[in-house]
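Scroll down for the structure; my scribbles are underneath it.
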Amino acid sequence: MDTFDQQHIWHPYAKVPNPIKSHKVLSVEGVYLNLDNGKCVIDGMSSWWSAIHGYNHPVLNQAVVEQLEKMSHIMFGGLTHQSAIDLAKTLVAITPEHLTKVFFTDSGSVAVEVALKMALQYWHNQGQLSKQKFITIRGGYHGDTFGAMSVCDPDNGMHHLFSGSVAQQYFVKSPSVVSVDEALVDLETTLKQHSKAIAAMILEPVIQNAGGMRLYNPQYLLKAKTLCERYNILFILDEIATGFGRTGELFALDYVDVKPDILCLGKALTGGYLTLAATLTTDKVSATVGTLMHGPTFMANPLACAVANASIELLLNSPWQDNIARIEKHFYSELSPLKQHDKVADVRILGAIGIIEMVNDIEVEKTQNQLIDNGVWLRPYGKLLYTMPPFIITDNELLIITNAIKTIVNK
Ligand SMILES: *Cc1c(COP(=O)(O)O)cnc(C)c1O
């Protein structure tokens, strides 16, 4: 705990001074965070989906050090470097075949902004000047910048705070709340009426994450994509949270082999080491877009690209599918029975993601302190207590997380 921190520094979705003290981390190792109070807790959040290999990993450390000794950064305008080239090649190779062009950004939100810009420029350059809006399913989360915010859930997102500045978009029923058929009817009804005003549909495949941790049938993706084609709308998938194995497939789109026009990646891209994201698209979209009016200062940062290359190689050479299956099985056996509990509204499990939805809102500070006493770091929000641990977590460590969750539920 640090008083200066509490008084002067903003933390995510918080105020300064912060009524809740942040826990100070001294070092990290494997799945563990070492806190300044001497406690050592398992990071059940993987630093928000990203630290899939755990911390202080020798292979990732070495990749950063080797790159650092050559160059830590150069501008990407007019210059290039091998780590970016290698990473773009890899991303093109491991994502659906038709995605061939890569735009690097420094965060997931900006990758979404770039995706939205690509879609707008795509139609603009074909003279379709009325296509200025986006359509999405309710309950989504795509980031905190203005374009990304506009396609977050209109109720639990930040629309009400910035309603005068955030663009109005089209929201349709989510297949995580209604049946796939009902959601598709709502989508088609809206597309029929408004497709001339819509540039693209954007959504998170298979699981809606920060907007509510809800799962849906991947068949929706194929049918929504077909509708988008019929009504001349680009299809953007945001795999910033789901990418790189988390759901049990390398990308969640692999569940149904859906082919997005644009794909956003981030979070686990660098194994949680550095900030980097990417927006991929097709030959057709890139050719039509032409000059893309975007160019971040730290575009394709070499340190980030080098560690991303090492992280993807590490992932693909590891038994990641076995690890995810093992974690999923553990969640089914340890968390599913909590469904019977009076205080639990729902338990949802997909790959290395375990979600408990409580009946009532969770008291965050108190719950976090209890979790820490039980050796675990989680960040509950609203009614949701959930975990997405590093893939390298052992069965014993998993049990510590699920036991801590049971302790909270039983309190
Ligand atoms: C986290 C997230 C983002 C935003 O990424 P940042 O790196 O935090 O800007 C966008 N989309 C999804 C699905 C996310 O989970």
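Things to note:
- Taken as a whole, the condition of being assigned to a helix (DSSP H, G or I) and over 21 Å from the mean Cα position of the chain (by Cα) applies to Lys196.
- Test result for Glu397, in a helix (DSSP H, G or I), exposed (fewer than 14 other Cβ atoms within 10 Å of the Cβ) and of a type outside the set (Phe, Trp, Tyr): no
- Verdict on Tyr216 being closer than 30 Å to Tyr381 by Cβ, away from the ligand (no atom under 16 Å from the Cβ), more than 14 Å from the chain's Cα centre (by Cα) and buried (at least 22 other Cβ atoms within 10 Å of the Cβ): no
- Members of region 229-273 that are among the β-branched types (Val, Ile, Thr) and more than 15 Å from the ligand (Cβ to nearest atom): Ile233, Val256, Val258
- Among the residues listed as Ala200, Ala183, the single one being within 16 Å of Ala119 (Cα to Cα) and of a type outside the set (Lys, Arg): Ala200
- Just one of the listed residues (Lys329, Lys339, Lys383) is modelled with pLDDT of 95 or more and more than 24 Å from the chain's Cα centre (by Cα), and it is Lys339.
- Counting only helices (runs of 4 or more DSSP H) that sit completely within region 42-152, those holding 3 or more residues that are assigned by TED's automatic domain parsing to the domain that holds Leu292, more than 16 Å from the ligand (Cβ to nearest atom) and surrounded by fewer than 17 Cβ atoms within 10 Å (Cβ to Cβ) correspond to 58-70, 82-94.
- Some residue of region 292-303 being away from the ligand (no atom under 16 Å from the Cβ), out of contact with any helix residue (DSSP H, G or I) (no Cβ under 6 Å at 6 or more places or on another chain) and at pLDDT below 95: yes
- Of all residues assigned to region 161-168, at least one qualifies as being away from the ligand (no atom under 16 Å from the Cβ), touching a Gly at 6+ places or on another chain (Cβ under 8 Å) and closer than 25 Å to Leu120 by Cα.
- Region 199-213: number of residues that are part of a strand (DSSP E or B), of a type in the set (A, V, I, L, M, F, W, C) and either within 16 Å of the ligand (Cβ to nearest atom) or not assigned by TED's automatic domain parsing to the domain that holds Ile137 (or both): 5
- Selection status of Thr226, away from the ligand (no atom under 15 Å from the Cβ) and free of Cβ contacts under 8 Å to residues at least 24 places away in the same chain: yes
- Matching residues in region 226-257 - criterion: being in contact with a Leu (Cβ under 9 Å, 6 or more places away or on another chain), among the charged types (D, E, K, R) and under 27 Å from Gln132 (Cα atoms): Arg230, Asp238, Glu239
- Looking across region 275-290 at every residue that is farther than 16 Å from Glu97 by Cα and more than 15 Å from the chain's Cα centre (by Cα), the one that is nearest to the ligand (Cβ to nearest atom) is identified as Val289.
- Subset of region 315-341 that is assigned to a loop (DSSP other than H, G, I, E, B) and touching a residue at least 12 places away in the same chain (Cβ under 8 Å) - its residue that is surrounded by the most Cβ atoms within 10 Å (Cβ to Cβ): Leu335
- Close pairs (7 angstrom Cβ cut-off, 6 or more residues apart or separate chains): under 17 Å from Gln368 (Cβ atoms) in region 30-41, among the β-branched types (Val, Ile, Thr) and crowded, with 16+ Cβ neighbours inside 10 Å anywhere: Tyr32/Val41; Tyr32/Ile42; Leu33/Val41; Asn34/Val28; Leu35/Val41; Lys39/Ile372; Val41/Ile372; Val41/Val376
- Each residue in region 174-209 was checked for being under 27 Å from Gly245 (Cα atoms) and surrounded by 21 or more Cβ atoms within 10 Å (Cβ to Cβ), and 14 pass.
- Within region 73-84, residues that are under 21 Å from Ala63 (Cβ atoms) sit with their Cβ atoms under 7 Å from residues that are assigned to a loop (DSSP other than H, G, I, E, B) and polar (S, T, N, Q), at 6+ positions apart or across chains, in these pairs: His73/Asn301.
The values are calculated or read from the model by the stated rules, or taken from the named source; none is laboratory data. All of these numbers come straight from a predicted model, not from anything done at the bench. Methodologically, a virtual Cβ is constructed for each residue, glycine included, from the backbone with ideal geometry; neighbour enumeration extends over all protein chains shown.
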